[in-house]
Amino acid sequence: MVWQDIVITLANVLFIYSTLNQVIYGFKVKKGTITYIASGGSALGLMAMGVAFLTLELYLSSFVAFLSSILWIILFIQRIIYKKA
């Protein structure tokens, strides 16, 4: 394991923590507060980063990038289901 994998993983864990709070908030208030562009673009970008990390054999970074993209997909779906805030 290279040190870059650890640093990228820790940074993404912080992003997951903050995004998870937004997902929970969306379920509680039943409002989609994130725009389609922000949530969709973030999800696609994180998926691409996950694939890139995987090809570089940065397995932890890849895993957390995919987890983060799943949270952004949930925010995208919340926006569709709950409509605009």
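Brief remarks follow.
- Cβ-Cβ under 7 Å pairs, at least 6 apart or on other chains, segment 42-56 side without any contact (Cβ under 8 Å) to a residue 60 or more places away in the chain and closer than 19 Å to residue 79 by Cα, far side in a helix (DSSP H, G or I) and aromatic (Phe, Trp, Tyr): 42/72; 43/72; 43/76; 46/72
- Single residue of segment 44-68 satisfying the filter (within 10 Å of the chain's Cα centre (by Cα) and crowded, with 19+ Cβ neighbours inside 10 Å) that is nearest to residue 27 (Cα to Cα): 68
- Within segment 31-43, the set of residues being polar (S, T, N, Q) and either within 8 Å of the chain's Cα centre (by Cα) or under 10 Å from residue 12 (Cβ atoms) (or both) comprises 42 only.
- Here residue 35 meets the list (1) in contact with an Asp or Glu (Cβ under 8 Å, 6 or more places away or on another chain); (2) surrounded by fewer than 14 Cβ atoms within 10 Å (Cβ to Cβ) almost entirely, failing just condition (1).
- Filter pass, residue 27 being more than 11 Å from the chain's Cα centre (by Cα), crowded, with 19+ Cβ neighbours inside 10 Å and of a type in the set (Phe, Trp, Tyr): no
Computed from the coordinates by the stated procedures, all read-outs in this text should not be read as laboratory data. Every value quoted in this text rests on a predicted model; they were computed, and no experiment measured them. With ideal geometry, Cβ positions are generated from the backbone for all residues, glycine too; neighbour counts draw on all protein chains shown.
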